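The values are calculated or read from the model by the stated rules, or taken from the named source; none is laboratory data. Not measured: the values here are computed from a predicted model. So basically every Cβ, Gly included, is an ideal-geometry build from the backbone, and we count neighbours across all protein chains shown. Side chains included, ligands, DNA and RNA excluded: accessible areas come from the protein's heavy atoms. Shrake-Rupley method; radii C 1.70, N 1.55, O 1.52, S 1.80 Å.
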Amino acid sequence: MGDEGNPQTTRRTTRASLSSTPNPKSSKGKLKSCNLLPLTIHDLAYGDESISFNDLISSLPGRRAQIIELLHLLGPLDSPMFPVFVYGGASTGKTSSILQTFKYLKRPFVYCSCITCYNPRILFESVLNQLLLHRRNESNRYSSTKRCERPSDFVNLLQEALHNVVDSLKGNVEKSSSKKSVGRASGKMVYLVFDNLELAREWDKSSNILPFLFKLYDILKMPEVGLIFLSNASPDTYYSDTGYVEPVPVYFPDYTEDELRQILMKNQKNPKLYSSFLEVVLRPFCRVTRQVDELLTAFSSLYQIYCEPLDDLGIVPNEDMKRKLFSHLQPHIGPSLNETFKVESRLSSEASANTNKCKGIAKKVGVSESSNEIDFHMSACAKYLLICAFLASRNPATLDASMFDSTGGSNNKKRKRSSEKSKEKKEIAEQELLLKGPGTFPLERLLAIFQCIVSVSECLPDEEAQGDGGLEGESWTNGLLSDVLLELSSLCNANFISKGGSCPLEGANRYRSMVSEAMALKVAKSLKFPLAKYLYRGG
């Protein structure tokens with residue numbers, strides 16, 4: 001399973017020997033690879049030391065309900081199970097919960113991640129290597145025990161390997177019961193765990209790898225085999241009409257602020273000092289992201305700055321010291337928030353560079369800069385969302401099709417003829433809508449306008465928008481939809497967009513833009529976006 005692990009991650013080192021590749025340049029690595037004992041059936045279990053249920057719960061703050069649900073689905077020892085689909089946002093503890101649960105149960109399993117197993121052949125061979133207790137090393141030229149590229153071949157080899165493993169487990173149980181000793185691998189079942197399943201959709205658009213993996217339960221027909229899938233995407237994005245037993249879903253929600261505090265406080269040398277640091281930074285950063293890995297990256301540098309005035313890092317800060325440390329850290333929080341909140345794009349970076357050029361020109365001409373600039377930090381994604389919300393509140397919904405067509409709303413040749421009365425009624429209705437002030441709009445309309453705006457930004461006539469540095473519509477709508485929704489929530493918390501109650505007919509929440517036209521024009525100007533072209537004036 002070492003193929004799937006990050007070299008900087010140590011949580012899976014106990015199973016890394018199954019397929020890891022030692023450094024051939026290191027003499028120590030050569031000696032270790034030569035002196036390693038042959039793998040046994042016990043190496044399919046995770047961890048050398050056993051943990052109690054209390055240790056399991058305490059090691060994963062905020063995941064007690066999910067762990068209990070997993071234990072219920074896995075059932076007692078040697079009990080058959082339906083496939084399980086564990087899903088949730090990134091960095092919500094899905095993988096850690098599965099690994100620690102199997103460590104607690106001491107049950108043998110095979111783990112494969114679609115991050116490092118980046119095509120079907122590597123995924124198939126990784127599963128077979130672990131089941132056949134094959135260690136890739138210099139003696140076998142780091143090759144797999146079986147070369148497998150087709151799903152049909154994988155099924156045949158997998159069934160053979162699973163039968164061998166199950167027979168070994170049964171023999172291990174009989175020996176342990178006769179000798180009245182407990183082996184490290186418990187039970188007669190083996191589990192197949194597939195992590196980061198959403199990445200398999202990008203391997204080949206015409207590939208049937210995902211339906212094949214979901215059908216393994218029906219194909220194998222082995223009650224001694226359990227299947228567990230982990231994904232950042234919900235199960236609805238995978239379902240098809242091919243027909244298979246639907247996995248039992250287990251949802252991992254985002255961490256709350258208190259749960260994040262418990263996670264970040266673990267293994268701190270000075271808990272009281274770090275607690276005072278979290279009191280300053282945790283709440284504002286939680287409005288931007290709740291991913292533990294992003295928070296750890298941001299807090300690592302901020303905590304060093306926070307401790308700079310201290311000579312002794314073991315000190316317990318009093319109230320005066322906390323105020324002094326906060327004053328020292330406060331100027332650095334804003335830029336760090338901006339870096340965490342920012343979605344990288346060459347368009348935004350070059351636009352900011354062009355803005356700096358415009359500053360110099362404005363100073364020479366004597367024009368004030370403050371009237372054309374926004375004086376707060378905001379990412380490119382948040383700016384586009386703000387523009388889309390402004391357009392959705394100010395423009396009638398009936399004009400969306402004409403405003404955001406493939407020609408940018410400038411082609412009027414294909415419009416159908418209509419009577420003068422119908423035109424007058426339409427204009428009167430649209431003008432009345434403008435007189436009512438900013439209107440409300442559903443989330444679906446906001447995302448539709450956002451997708452159109454992003455696609456328009458790819459073909460801006462400015463030199464800054466040319467090349468591959470624009471905001472790619474496909475990546476925003478697919479890979480970063482969760483980030484877009486998170487930034488929408490942040491804009492609502494900052495009162496740029498108000499979130500109202502649900503409509504009784506639609507059954508969904510509605511939103512309203514709270515920014516003025518002058519503010520919207522400033523934001524659009526910072527992105528070089530022609531807002532006036534898409535704004536309905538009622539003329």
Put a dot 7 Å past each Cα toward the Cβ at GLU319 and MET519; how far apart are the dots in nm? 3.5
In whole angstrom, the spacing between the Cα centers of region 36-70 and region 230-280 equals 18
Please work out how much length the chain gains when fully extended from ASP312 to ILE68, using 0.36 nm per residue of separation minus the C-alpha to C-alpha distance, in nm with one decimal. 83.6 nm
Applying the Karplus parametrisation 6.51 cos²θ - 1.76 cosθ + 1.60 with θ = phi - 60° to the phi angles of region 116-126, what ³J(HN,Hα) value in whole Hz is obtained for each residue in order, glycine and proline being reported as x? 8, 8, 8, 8, x, 4, 5, 5, 4, 5, 5
Given LYS94/LYS215; LYS322/LYS383; LYS94/LYS146; LYS94/LYS170; LYS499/LYS522; LYS269/LYS324, the pairs whose alpha carbons are separated by over 26 Å: LYS322/LYS383; LYS94/LYS146; LYS94/LYS170
Spelling out what I want: for every residue of region 42-50, take phi, set θ = phi - 60°, compute 6.51 cos²θ - 1.76 cosθ + 1.60 (Karplus), and round to whole Hz; glycine and proline get x. 5, 6, 7, 7, 9, x, 7, 9, 7
What do you reckon, how do ARG136, ARG64, ARG394, ARG147 stack up by accessible area (1.4 Å probe), largest on top? ARG147, ARG64, ARG394, ARG136
Share of carbon and sulfur in the accessible heavy-atom surface of region 257-344 [1.4 Å probe, %]: 49
When a/c reaches 1.5 or more, the comparison of a/b and b/c decides; with that in mind, is region 207-275 rounded, prolate or oblate per its Cα gyration tensor? prolate
Could you put ARG323, ARG512 in order of accessible surface area, largest first, with the 1.4 Å probe and the full protein assembly present? ARG323, ARG512
Got a number for the accessible area of ASP312? Probe 1.4 Å, square angstrom, nearest 10. 100
Applying 1/(1 + (r/R0)^6) with R0 = 35 Å to the Cβ-Cβ distance of GLN262 and ASN119, what FRET efficiency is obtained, to the nearest 0.05? 0.35
At a probe radius of 1.4 Å, what is the per-residue accessible area of PHE496, in Å² to the nearest 10? 50
Probe 1.4 Å, protein heavy atoms only - accessible area per residue of region 27-131 in square angstrom: 42
Under a crude label model (7 Å from the Cα following the beta-carbon direction), how far is LYS269 from ASN156 in nanometres? 5.9
Give the accessible area for GLU424 in Å² (nearest 10); use a 1.4 Å probe, count only protein heavy atoms, and leave out ligands, DNA and RNA. 110
Between the modelled labels at ALA401 and SER143 (7 Å from Cα along Cα→Cβ) the distance in nm is 6.3
Using R₀ = 41 Å, calculate the FRET efficiency as 1/(1 + (r/R₀)^6) where r is the Cβ-Cβ separation of LEU77 and HIS328; round to 0.05. 0.15
